[in-house]
Every structure is written in structure tokens, then in C-alpha cells.
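The values are calculated or read from the model by the stated rules, or taken from the named source; none is laboratory data. Quick caveat, the model's predicted, so the values are computed rather than measured. So basically every Cβ, Gly included, is an ideal-geometry build from the backbone, and we count neighbours across all protein chains shown.
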Amino acid sequence: MVLALFFLTVFLSNILTIFGQNRLECATFHEKIYQNLTIDGNWVVVYDQPYSHATTSTNLINAAKACSNQVVVGARRDATSTQPELAAVGPASILRQQTMPNTTVKYGDVYWYSTKNWSFGFSSINTINQYSADTSYSPPALRLIWHLDQSIGGYRAGSIVNLDANAIWRKVIYCLN
């Protein structure tokens, strides 16, 4: 009986430890691309602009300064939407990282790129056709592109393209609080 109680105590202790860790980790996401991502209160918005806004490298660096852990980079359908239609999770360092044209850096299941005076974005595959924006069409639903350091705004939120002057769609960055 004592031995059974001992094993039960150890078992319950392990269960509590596992669930406790899951509670801590539930605020973080796996580094991958999400569609219709639900964001909880542990995340704060550090960048929220219409797709028509001309995003700069400085905007990304300033957002990175507010983040020490993970970021969610995404697109919301409009200002009243609370969840991104398309988003990817990565380390905060992706907001500072610079890549050469048509070159990506992989974090988790996401290929990121950020080329000054060209564009910033992500894809589910390594192949991008980057000029002022990634115009690759395979797979279109899992790509996000914002023009960077140009006089025009974003370009793509998944399969929706030509958002350069769109004042309804939103470019958003969240940081884990």
C-alpha cells in the first residue's frame, strides 16, 4: 500500500510538472505559418499599420526593440479583426536580420527574408522571387510580403496580392509579453 501511494505521488507530481510546463509554453507558438491564428492576452501589438503604409527597416527594428522572445508577423483583414488571417511565428531577431536578395533564413518551418530597399516577408518554402516583393505563386496562400524602405506599402497577404495601396488590410507584429 505504501509503495502504491509512493508511485501515485510520483505520478501526480510528474503530471503537475508536465501540465505546469504546458501552461508556461501555451503562450508561445511553434515557429510555423498559421492561418486564422488565435492570439491570447500574452501577446501585445507593437506594429499595426494599413497595407498602404510604407514600412521601413527602422519600423522593424523599433518593433524588435520591444520584443525579447517570439514575434508573430501577420496580416489582418481590417482594423476590427482581432486575429490575423495569415501569420508566422519566429524569433524577435528576424525583425533585425538582413538577407541578400532572393535568400531566406529558416526558423522552424518558416523561411524569412528582409532585404533593405526591397521587401520583408515569409514563405513556407525556400524559393522566393524577390524584387520589390516576392511574386512567386507557389504556394500562394502561405506567403506574406511587405515592401521595405520604399514609397509604397505591402504587396501580399497569402493569395491576396496588389495590396500596395490598400488602406483596409493591416500589417501587424505581436510580441510575447
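Structure summary
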| quantity | calculated |
| --- | --- |
| Residues satisfying the stated conditions in region 72-108, i.e. over 17 Å from Ala157 (Cβ atoms), of a type in the set (Val, Ile, Thr) and not in a loop (DSSP other than H, G, I, E, B) | Ile94, Val105 |
| Scope region 37-69; condition polar (S, T, N, Q) and modelled with pLDDT of 95 or more; matching residues | Gln49, Ser52, Thr55, Thr56, Ser57, Thr58, Asn59, Asn62 |
| Among the residues listed as Asn102, Asn126, Asn117, the single one being among the polar types (S, T, N, Q), without any contact (Cβ under 8 Å) to a residue 60 or more places away in the chain, loosely packed, with under 13 Cβ neighbours inside 10 Å and touching a strand residue (DSSP E or B) at 6+ places or on another chain (Cβ under 7 Å) | Asn126 |
| Residues satisfying the stated conditions in region 63-78, i.e. farther than 16 Å from Thr28 by Cα and either touching a residue at least 12 places away in the same chain (Cβ under 8 Å) or buried (at least 22 other Cβ atoms within 10 Å of the Cβ) (or both) | Ala63, Ala64, Ala66, Ala75, Arg76, Arg77, Asp78 |
| Where a residue in region 154-175 is without any contact (Cβ under 8 Å) to a residue 24 or more places away in the chain and its partner, wherever it lies, is surrounded by fewer than 24 Cβ atoms within 10 Å (Cβ to Cβ) and not in a loop (DSSP other than H, G, I, E, B), with Cβ under 6 Å and at least six apart | Ser159/Pro140; Ser159/Ala141 |
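Yes/no matrix, rows are residues, columns are (1) hydrophobic (A, V, I, L, M, F, W, C); (2) under 18 Å from Asp48 (Cβ atoms); (3) touching a Leu at 6+ places or on another chain (Cβ under 6 Å):
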| position | (1), (2), (3) |
| --- | --- |
| Val105 | yes, no, no |
| Asn117 | no, no, no |
| Ile125 | yes, no, no |
| Ile168 | yes, yes, no |
